[in-house]
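The values are calculated or read from the model by the stated rules, or taken from the named source; none is laboratory data. Everything quoted here is computed from the prediction, not taken from an experiment. Counting neighbours? That spans all protein chains shown, and the Cβs are built from the backbone with ideal geometry, glycine included.
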Amino acid sequence: MFEAFLPKKKIGVLSPLAVIDNSAYEFYQLVPRGIMMVTVPLGLQVPLLIGPAALQRLLDRIAEKTKLPVTSTVLDVVAATKRLGLEKIATANK
């Protein structure tokens with residue numbers, strides 16, 4: 001009876017910002033019914049302070065333990081800036 005209300009799949013998100021935003025609204029507009037997003041806000045300083053190598057090790061560990069794919073917006077941005085040849089980048093947080 002209650003199974004119809006339970007999510008079929010869950011997607012975990014470690015949010016880089018410890019603020020309220022509209023990502024949940026956008027997410028649920030895009031995914032099929034029955035998919036749940038679980039968000040844990042960390043604050044932007046966490047991935048920036050540990051550095052890209054340590055963050056990649058953390059993601060590798062999460063992937064190994066969960067047997068699920070993982071990704072990082074911060075590492076994706078770093079990869080994109082390298083691919084574009086950008087060398088001087090400033091980071092800001094509201």
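What's the total number of residues in segment 67-85 that are without any contact (Cβ under 8 Å) to a residue 12 or more places away in the chain and surrounded by 10 or more Cβ atoms within 10 Å (Cβ to Cβ)?
Filtering segment 67-85 for residues without any contact (Cβ under 8 Å) to a residue 12 or more places away in the chain gives 67-70, 76-77, 79-85.
Add one more test, that the residue is surrounded by 10 or more Cβ atoms within 10 Å (Cβ to Cβ), and what stays is 68, 70, 76-77, 79-82.
Total meeting the criteria: 8.
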Checklist entry - What is the residue count in segment 22-51 for residues that are within 28 Å of K82 (Cβ to Cβ) and at pLDDT below 80? => result 12
Next on the checklist: Pairs needed: first member in segment 51-66, over 17 Å from V13 (Cα atoms); second member anywhere, among the small types (G, A, S) and surrounded by 13 or more Cβ atoms within 10 Å (Cβ to Cβ); C-beta distance under 9 Å; at least 6 residues apart or different chains.
Outcome noted: P52/S72
Checklist outcome for this item: Given the conditions (1) closer than 30 Å to F2 by Cβ; (2) modelled with pLDDT under 85; (3) exposed (fewer than 12 other Cβ atoms within 10 Å of the Cβ), every one holds for K94 apart from (1)
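When you look at L6, is it surrounded by 10 or more Cβ atoms within 10 Å (Cβ to Cβ) and at pLDDT below 90, yes or no?
Against the criterion (surrounded by 10 or more Cβ atoms within 10 Å (Cβ to Cβ) and at pLDDT below 90), L6 does not qualify.
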